[in-house]
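Have a look at the structure below before the remarks.
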Amino acid sequence: MQVEAAKVVVSFFELAEEDPRVKPGHLGLYTALLAACIRAGSTNPFSISRSSIMRQAKLSSRSTYNQMMRDLMQFGFIRYLPAQNGLSLSIVFLRKLE
């Protein structure tokens, strides 16, 4: 599935604005994920490196990263399949937002 970045950004921020559970860290992490999707050719799903996404989202704690990824899944923004070891990449699906 091709991702139309502008529509995704607008939809995400509209939903995030109305959801009191969404915090600044979620915004940064989702933005870093969207940038990774665009770099991957706007394909959905796409692969990510945890360390790279953490740097881009300005997250320094693995536990914070893990919690925010779980939150974004629970909130319905993404589907996340974490890597099973440090040598493989994780898979992220951006959910269609309405």
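Values in this text are rule-based calculations from the coordinates and carry no lab data. The structure presented is a predicted model; accordingly, all values stated were derived computationally and were not measured. A quick note on method: Cβ atoms are made from the backbone with ideal geometry, for glycine too, and the neighbour counts reach across all protein chains shown.
Looking across region 39-59, the residues that are surrounded by 14 or more Cβ atoms within 10 Å (Cβ to Cβ) and within 19 Å of residue 95 (Cβ to Cβ) come down to 40, 42, 44, 45, 46, 47, 48, 53, 57. A count restricted to region 82-96 and to residues that are surrounded by fewer than 17 Cβ atoms within 10 Å (Cβ to Cβ), aliphatic (A, V, I, L, M) and in contact (Cβ under 8 Å) with a residue 12 or more places away in the chain stands at 3.
Selection over region 60-71 of residues that are crowded, with 17+ Cβ neighbours inside 10 Å and closer than 22 Å to residue 11 by Cα gives a count of 3.
For region 53-98, a residue qualifies if it is of a type in the set (Asp, Glu) and assigned to a loop (DSSP other than H, G, I, E, B), and exactly one does: 98.
When region 72-81 is filtered for residues that are surrounded by 14 or more Cβ atoms within 10 Å (Cβ to Cβ) and in contact with a strand residue (DSSP E or B) (Cβ under 7 Å, 6 or more places away or on another chain), the ones remaining, listed by number, are 72, 73, 78, 79, 80.
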